[in-house]
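These notes concern the structure reproduced below.
The values are calculated or read from the model by the stated rules, or taken from the named source; none is laboratory data. Please read all numbers here as calculations on a predicted model, not as lab measurements. All Cβ positions, even for glycine, are placed from backbone atoms using ideal geometry, and neighbour counts span all protein chains on display.
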Amino acid sequence: MKGILKELSRIVVRLPNNIVNGRLYCSPPSSSSLPPNNKLFVAGLSWSVDEKSLSDAFSSFGQVTEVRIMYDKETGRSRGFGFVYFSKDEEASSAKDSMDGKAFLGRPLRVSFALEKVRGAPVVVPRLTGTGNADRKTR
């Protein structure tokens with residue numbers, strides 16, 4: 001048994017950082033390792049949050065140039081996330097460090113640097129073959 005565990009630990013050590021739970025990620029799975037930029041992704045928003053209240057909450061860290069909350073097209077209700085833009089990367093970084101995990105209108109915020117949206121190019125996350133439940137039988 002020890003020999004098998006030792007061999008498995010050597011294999012796991014060789015896996016690239018972008019393979020997590022048998023899935024290959026095109027970008028790092030953790031947003032904390034993303035390079036700083038002036039655009040923050042803010043999740044965990046209450047339905048009652050509006051652009052002004054979100055801007056006010058983040059304005060103590062620097063000049064907020066824009067706030068966008070994403071709304072459901074059918075109901076008009078907040079989807080629970082949005083974006084906060086700062087004039088400087090350093091201000092966004094300070095806001096991220098301070099506001100991540102803090103309660104805002106009764107809900108904890110999850111704040112990370114936003115990814116740039118790539119238009120027209122789908123992001124494909126291929127599944128690795130031969131991983132997961134190999135002993136599972138198909139019907």
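Of all residues in the range 74-88, those that are farther than 11 Å from residue 54 by Cβ and β-branched (Val, Ile, Thr) total 1. Just a yes or no: is a residue in the range 78-95 at pLDDT 65 or above, assigned to a helix (DSSP H, G or I) and touching a strand residue (DSSP E or B) at 6+ places or on another chain (Cβ under 6 Å)? Checked the range 78-95: at least one residue is at pLDDT 65 or above, assigned to a helix (DSSP H, G or I) and touching a strand residue (DSSP E or B) at 6+ places or on another chain (Cβ under 6 Å). Condition check for residue 119 on (1) touching a helix residue (DSSP H, G or I) at 6+ places or on another chain (Cβ under 9 Å); (2) exposed (fewer than 14 other Cβ atoms within 10 Å of the Cβ); (3) modelled with pLDDT under 95: one failure, at (1).
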